[in-house]
């Protein structure tokens, strides 16, 4: 909206047009002529989100002065396409906004934050189900989750318990995945030795295996060789936990990827993994 003062008018117009929208407001107490009064103001500056198709959105903005559709930024100052927020991202943002009452800690997304953060899902607590970017300043395993809308505005959630964080995608730079797998490998080897001897895993070791599964079971790994190594470890983690159903499901993914593998080290790892799985499953 060109002015936040138009918020209440557009709320009425959108309701009358039967267009689903998101326009949260807050009440602020102001003093006017020596008297206190409560004013309703839009929470998200001058933004209102419409959930509709492009034709309906264009017709609405054409018929109502004071509102325009935002466009994505593109290189060379060319006019980009209309900005669309994915439903899942919008749902997470609305959940985060809904948790707070009057004091929502909005931040402006910075390039450093957006590049550095892993994409995660919260598995428990008041923000269960919310997806966003992990801001790892509070510790390597815990911290706050940043829920952002496009490049407009973001909300840092409260501190999240490490056990509630599930990683969906690692940040696009660095060797984050390899470091995680390198640190997990010795524990996985120990767990495999216990499984070979048909002995129960020690509590601490068992907790490490369960945390790996809980945190990374939905992780998307684009690079083939990295994906092979990750899936091999994940299948064996399931196997030592005696979760045959999930172990077999991951093994099937490895079977389908096998013909595409050219790296000798990846082929050797696949061979060892298949041999171990044939013993355990």
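No lab work stands behind these numbers, since they all come straight from the coordinates. Quick caveat, the model's predicted, so the values are computed rather than measured. Note: ideal-geometry Cβ built from the backbone for every residue, glycine included; neighbour counts use all protein chains shown.
The ranking of 157, 61 from fewest to most other beta carbons within 10 Å of each one's beta carbon is 61, 157.
Show me 235-246, 22-33 ranked by packing, highest mean number of other Cβ atoms within 10 Å first.
In descending order of packing, they fall as 235-246, 22-33.
Computed on the chain, with alpha-carbon pairs under 8 angstrom and 6+ residues apart, the relative contact order is 10 percent. Gain on full extension, evaluated as 0.36 nm per residue between residue 161 and residue 281 minus their Cα-Cα distance, stands at 39.9 nm.
Who wins for biggest fluctuation among 66, 34, 132 in a Gaussian network model of the chain, springs between alpha carbons below 10 Å? Result: 34 has the largest fluctuation of those listed. Which angle between 0 and 90 degrees, to the nearest 10, do you get for helix 176-196 versus the longest principal axis of the chain when only C-alpha atoms count? Helix 176-196 sits roughly 40 degrees off the main axis of the chain. Between the C-alpha center of the stretch 235-281 and that of the stretch 21-98 there is a gap of 48 Å. In this calculation the C-beta distance from residue 190 to residue 83 is compared with R0 = 45 Å, giving a FRET efficiency of 0.35. So I have (i) 0.99; (ii) 0.93; (iii) 1.10, and one of them is Rg/Rh (Cα atoms, Kirkwood Rh) calculated from this model. Which one is it? Of the listed options (i) 0.99; (ii) 0.93; (iii) 1.10, (iii) comes from this structure.
Counting only DSSP H runs of at least 4 residues, each contributing -39500 (n - 2.57), and dividing by the residue count of the chain, the helix-based mean residue ellipticity at 222 nm comes to -14000 deg cm²/dmol. The order of the peptides 49-60, 86-97 by mean Cβ neighbours within 10 Å, most packed first, is 86-97, 49-60. Between the helical axis of 54-63 and the dominant principal axis of the chain, each derived from Cα atoms, what acute angle in degrees is found, rounded to the nearest 10? Here the helix axis deviates by roughly 20 degrees. In the stretch 166-258 the Cα-Cα distances spread across 5 Å bins starting at 0 as 2, 13, 26, 26, 19, 10, 4, 1, 0 percent of all pairs. The equivalent ellipsoid of the stretch 1-46 has semi-axes of 24, 10, 9 Å, largest first, where each one is the square root of 5 times an eigenvalue of the Cα gyration tensor.
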